[in-house]
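Before any comments, here is the structure.
The values are calculated or read from the model by the stated rules, or taken from the named source; none is laboratory data. Not measured: the values here are computed from a predicted model. So basically every Cβ, Gly included, is an ideal-geometry build from the backbone, and we count neighbours across all protein chains shown. What goes into the accessible areas is simple: the full protein's heavy atoms, side chains included, and nothing from ligands, DNA or RNA. Shrake-Rupley method; radii C 1.70, N 1.55, O 1.52, S 1.80 Å.
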Amino acid sequence: MAKRRTKKRTHVKANGAVNGPGRVGGTNRSPKSMVIRMGAGEVGPSITQLAKDVRAMMEPDTASRLKERKANKLKDYISMAGPLGVSHLLLFSRSNSGNTNLRVALAPRGPTLHFRVDNYSLCKDVTKAQKHPRGGGKEYQTAPLLVMNNMKTQKDASSDPIRKQLEDLTTTIFQNMFPQISPQTTPLSSIHRIMLLNRDMSNAEDGSFVLNLRHYAITTKQTGVPRRIRRLDPKEQRQRQKKGSAIPNLSRLEDVSEYLLDPSAAGFTSASETELDTDAEVEVLEAQTRRVLSKKQVQKLRDGKSKDRSNGGSNVEKRAVKLVELGPRMKLRLVKVEEGVCEGKVMWNEFVTKSKAEEQEMDKTWEQRRKEKEERRKEQRANVERKRRLNANTRANSNGDRAEDEEMEDRWDSEDSDVDDVDDVSLEDGADEGE
């Protein structure tokens, strides 16, 4: 049997295609998310734009073209999370009192973190406040790097076990929201953005859990070289947005040394020319183009007869790292933790504290609900199995009746043919007697 053809040019395999979405045993599958507006048009234009900004921040492993409808329910999104390989649901909604809420749920069984969005700023507001905003480019082709600060304050679980479990749960959920990285194998050139989660410790003693979310783009520039010389570097010119105004005008100068000694002569007068770069400096390997060697040259290199001049010098350079905010900004206050996906037993509530007796009573109630749910499932399974057997019997009976009808039709056809033969024989005999 011929092997089925696989399209490779137009059907590129995604990350983790061997154990893709919806298949059991997917180990190398990256987490995926869905940012949803619950209530669609009822949440307002600001929250709609906020959901779009969060989708851009969660790129590329998110449903960026998701279209919500008023008729869609939470059950619809949960049912589609499994086949699509979605692991996290971010649900934006507005309460009757006007508060903006964000629910972060793990699909398909929970738990769910309920946040109240105290303050937020959209990407367009952050861009308007910047003097040199950074436009969208290749930053959104890779997932952001997650940086968390002050997330775990309870080192000893014996002092406050509930707060320790809450911190561990929140940290684990946000860590699993993005693909894991390895410092040994992940290239630095693939990290273009940072998502920062900073816990506000001003009211931590009261038991509140407040997170400040920021989204930055990582920009680098070469250090150790004067700024006026960097302006002449073609690589620096390609990275600049305003290429026309960045190139110095040397038409009025007789020699390039005049520009190097007096940068104001080329039209650049800035008070920051003499300021030292205060950005963090890191050492990275400079990307170099290497020529392809022939077989003879490779053999000579192995024998030690010739030397590769391309690797003669050190290609390590110092670059300054700078963060440019992209937005959005959000101040999230954790108010409740539920066991399931937006339903189930409340494991923690900021405003409600129950005694041990009340907790035991709540556990009994949920245990009774669980038993009733299991009984309903068993009854449904029994009904489905009974209907299957009934349909199979009905189909078998219909096939039997159809077979009997066909047999009767064949019998009548055979009898009719015998009668016709008898008539023909009698006619022939009569003709012979007449002769």
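Of the listed requirements (1) part of a helix (DSSP H, G or I); (2) open to solvent by 90 Å² or more (accessible area, probe 1.4 Å); (3) not hydroxyl-bearing (Ser, Thr, Tyr), LYS131 misses just one: (1).
Restricted to segment 34-75, and to residues there that are of a type in the set (Gly, Ala, Ser) and in a loop (DSSP other than H, G, I, E, B), the residue that is most open to solvent (accessible area, probe 1.4 Å) is ALA71. What about SER414, is it polar (S, T, N, Q) and either in contact with a helix residue (DSSP H, G or I) (Cβ under 8 Å, 6 or more places away or on another chain) or modelled with pLDDT under 65 (or both)? In short, yes.
Here are the criteria: (1) surrounded by fewer than 17 Cβ atoms within 10 Å (Cβ to Cβ); (2) over 18 Å from the mean Cα position of the chain (by Cα). Tell me which single one ARG94 does not satisfy. Condition not satisfied by ARG94: (1).
Could you please find all residues in segment 182-207 being under 21 Å from LYS331 (Cα atoms) and assigned to a helix (DSSP H, G or I)? Within segment 182-207, ALA204, GLU205, ASP206 qualify. Of everything in segment 339-394 that's assigned to a loop (DSSP other than H, G, I, E, B) and touching an Asp or Glu at 6+ places or on another chain (Cβ under 8 Å), which residue is surrounded by the fewest Cβ atoms within 10 Å (Cβ to Cβ)? Applying the filter and picking the extreme gives GLY344.
With respect to LYS318, determine if the residue is over 20 Å from ILE173 (Cβ atoms), open to solvent by 40 Å² or more (accessible area, probe 1.4 Å) and at pLDDT 75 or above. Steps first, please.
Details: over 20 Å from ILE173 (Cβ atoms): yes; open to solvent by 40 Å² or more (accessible area, probe 1.4 Å): yes; at pLDDT 75 or above: yes.
So LYS318 passes the test.
Only one of these is in contact with a strand residue (DSSP E or B) (Cβ under 7 Å, 6 or more places away or on another chain), in a loop (DSSP other than H, G, I, E, B) and either closer than 28 Å to ILE181 by Cα or open to solvent by 40 Å² or more (accessible area, probe 1.4 Å) (or both): PRO108, PRO31. Name it.
Working: PRO108 fails: in contact with a strand residue (DSSP E or B) (Cβ under 7 Å, 6 or more places away or on another chain).
The conditions single out PRO31.
Of all the residues in segment 84-126, those that are touching a helix residue (DSSP H, G or I) at 6+ places or on another chain (Cβ under 7 Å) and among the polar types (S, T, N, Q) number 2.
Among the acidic types (Asp, Glu), closer than 20 Å to PRO328 by Cβ and either within 20 Å of the chain's Cα centre (by Cα) or at pLDDT 85 or above (or both) - does that describe any residue in segment 166-181? No.
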